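The values are calculated or read from the model by the stated rules, or taken from the named source; none is laboratory data. Just so we're clear, the structure is a prediction, and the values are computed from it rather than from any experiment. Backbone-built Cβ (ideal geometry, glycine too); neighbour counts: all protein chains shown.
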Amino acid sequence: MDKRQRHSNLRFALTLAASLLPACASAEYPFYFQLDLEQQRIPLAGGSRLDVGTFGITYREYLTPGTGLDLRIGRLGVEHKQDNTALGYSPAGYYAGLGFTTHTPSNQRVQGGLDLNYNYYYSSEAQNSDTLEVNWTQGEARLWGALRLGGRFKLYGCAFALNLSGDQTLKGTTPSQQTLDNRDSGGGCAGLVLETADHGVIGIEGSGGARQGGRVYFGRDFR
């Protein structure tokens with residue numbers, strides 16, 4: 001499947017998901033909106049790695065109080081480290097994705113949940129007569145548990161499985177192409193959340209293994 005067909009399929013999937021979310025959601029439950037700022041390093045097969053910075057938004061429609069469907073979009077910047085085929089490039093672009101989340105009641109002292117995410121990332125940069133394109137899909141499944149601390153704080157940890165598949169293509173005077181695959185398939189994370197009085201959250205998270213780095217996020221349930 002070429003890139004044009006993949007882009008077309010992704011646009012169709014996201015358009016369909018966006019149209020189905022309001023139809024699936026119940027008016028009894030709130031929707032959720034979140035801002036994310038994330039920096040991650042993904043070790044790749046062959047010894048190189050992707051350094052990815054993203055800034056994006058997540059919109060979630062709840063099907064029940066503990067189950068929701070996500071739609072995500074955002075901007076990204078990429079650097080392919082330890083790669084000798086395209087030196088000096090730092091392509092930028094966008095990402096878009098879908099997600100599913102389910103968890104135990106949020107007012108319990110001990111909680112648990114499952115998150116499934118599937119994102120598409122595309123970036124490019126032109127220099128003189130050459131153009132570098134880096135695009136990939138990234139699927140992730142994670143199991144997490146959380147413990148409510150004193151006050152409004154909550155501590156959580158997770159174990160996740162990651163799958164990355166993509167391509168780096170250099171077009172121009174010295175064209176080249178290579179396949180991108182993640183080196184490691186699993187990892188873990190830990191985070192701390194502050195719940196605000198107006199149904200909001202402020203969170204910080206660090207991760208290691210197949211996806212290394214951290215993120216800061218700000219979210220709110222609208223009721």
Which of the numbered conditions does Leu37 fail, given that it passes all the others? Conditions: (1) assigned to a loop (DSSP other than H, G, I, E, B); (2) modelled with pLDDT of 95 or more. (1)
The residue that is surrounded by the fewest Cβ atoms within 10 Å (Cβ to Cβ), considering only those in segment 122-159 that are touching a Cys at 6+ places or on another chain (Cβ under 7 Å) and hydrophobic (A, V, I, L, M, F, W, C), is Leu143
Subset tally (residues that are assigned to a loop (DSSP other than H, G, I, E, B) and not β-branched (Val, Ile, Thr)) for segment 177-209: 6
Filtering segment 107-121 down to residues that are assigned to a strand (DSSP E or B) and surrounded by fewer than 16 Cβ atoms within 10 Å (Cβ to Cβ) yields Val110, Gly112, Leu114, Leu116
Are any residues in segment 184-212 of a type in the set (Ser, Thr, Tyr) and either within 16 Å of Glu38 (Cβ to Cβ) or in contact with a Ser or Thr (Cβ under 6 Å, 6 or more places away or on another chain) (or both), and if so, which ones? Ser207
Given the criteria surrounded by fewer than 17 Cβ atoms within 10 Å (Cβ to Cβ), modelled with pLDDT of 95 or more and on the phi < 0 side of the Ramachandran plot, does Thr102 qualify? yes
Being within 15 Å of the chain's Cα centre (by Cα) and either within 25 Å of Val201 (Cβ to Cβ) or without any contact (Cβ under 8 Å) to a residue 40 or more places away in the chain (or both) is the filter here, so list the residues in segment 160-170 that pass it. Phe160, Ala161, Leu162, Asn163, Ser165
Mind checking which residues of segment 90-106 are of a type outside the set (A, V, I, L, M, F, W, C), more than 20 Å from Gly157 (Cβ to Cβ) and either over 20 Å from the mean Cα position of the chain (by Cα) or in a strand (DSSP E or B) (or both)? Gly93, Tyr94, Tyr95, Gly97
Being among the β-branched types (Val, Ile, Thr), at pLDDT 95 or above, surrounded by 16 or more Cβ atoms within 10 Å (Cβ to Cβ) and in a strand (DSSP E or B), is that true of even one residue in segment 210-223? no
Is it the case that some residue within segment 196-206 is on the phi > 0 side of the Ramachandran plot and either modelled with pLDDT of 95 or more or buried (at least 16 other Cβ atoms within 10 Å of the Cβ) (or both)? no
Looking at (1) under 24 Å from Arg223 (Cβ atoms); (2) assigned to a loop (DSSP other than H, G, I, E, B); (3) acidic (Asp, Glu), which one does Asp83 not meet, given that it meets all the others? (1)
So Ser124, is it part of a strand (DSSP E or B), closer than 29 Å to Asp83 by Cα and without any contact (Cβ under 8 Å) to a residue 40 or more places away in the chain: yes
Thr174 versus (1) out of contact with any Phe, Trp or Tyr (no Cβ under 6 Å at 6 or more places or on another chain); (2) part of a strand (DSSP E or B): which is the lone unmet condition? (2)
